[in-house]
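Novice: Okay, handing you the structure first.
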Amino acid sequence: MDGKKKEKITKKQFDQITNKYKNEVKKGLTGIGKDGKEITDQTDWIWFSREEIQKVLDEGKAGIRFYFSQYDESFGEELGEEYVGRLTLAMLPGDEKLVAEATSTEEESADAERDYAYNYGGICPPGC
C-alpha cells in the first residue's frame with residue numbers, strides 16, 4: 001500500500017467483500033489468495049484508530065455495525081495481492097432501532113441506500 005489509507009469503500013466493494021466472506025469463510029472454506037492458493041495464515045487481528053472509529057460514530061448514529069468480510073481480487077492492485085483472500089471488517093454507522101428490531105432484509109434495504117462503507121483497518125498478517 002502506498003501509505004495513503006482510504007477510509008471508505010464503495011457500496012459495490014462492500015457487497016463483494018461481505019459476499020466473499022459469506023460464501024467462503026462463513027461456510028468453513030479456506031480463504032483463496034490472488035494466485036488461487038489457500039491462505040494458511042489468516043488474519044489475526046484488525047486495528048482501527050480512535051479517529052477512524054470516531055468518524056463513523058460522528059455520522060450521528062447510535063453505534064457501529066461491524067461486518068466480517070474478505071478482500072477479493074478487486075483490492076489486489078490497491079492494497080497488494082497479499083491482501084486478497086484475507087479477512088477484514090467493514091463498518092457501517094448503526095441505528096439502535098435497526099439493530100434491535102430489523103430483519104436482515106430490512107437491514108440490507110437500509111444499507112442499500114448508503115453508497116459506501118468504512119474499511120481499511122490495519123490487518124495482521126500481512127501488516128504486522
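Novice: Looking at segment 3-17, can you tell me whether even one residue there is at pLDDT below 85 and at positive phi?
Specialist: yes
Novice: Taking LYS34, is it surrounded by 11 or more Cβ atoms within 10 Å (Cβ to Cβ) and within 17 Å of GLU82 (Cα to Cα)?
Specialist: So LYS34 passes the test.
Novice: Scanning segment 16-53 for residues that are β-branched (Val, Ile, Thr), free of Cβ contacts under 8 Å to residues at least 40 places away in the same chain and not in a helix (DSSP H, G or I), which turns out nearest to ILE123 (Cα to Cα)?
Specialist: It comes out as THR40.
Novice: Would you check if GLY76 is in a loop (DSSP other than H, G, I, E, B) and modelled with pLDDT of 85 or more?
Specialist: Answer is no for this residue.
Novice: Quick one: count up the residues across segment 54-71 that are under 15 Å from LYS8 (Cα atoms) and either in contact with a His (Cβ under 7 Å, 6 or more places away or on another chain) or in contact (Cβ under 8 Å) with a residue 24 or more places away in the chain (or both).
Specialist: Residues flagged as under 15 Å from LYS8 (Cα atoms) and either in contact with a His (Cβ under 7 Å, 6 or more places away or on another chain) or in contact (Cβ under 8 Å) with a residue 24 or more places away in the chain (or both) within segment 54-71 amount to 10.
The values are calculated or read from the model by the stated rules, or taken from the named source; none is laboratory data. Bear in mind that the values here come from a model prediction, so they are computed numbers and not experimental data. Every residue, glycine among them, receives a Cβ derived from its backbone with ideal geometry; neighbour counts consider all protein chains shown.
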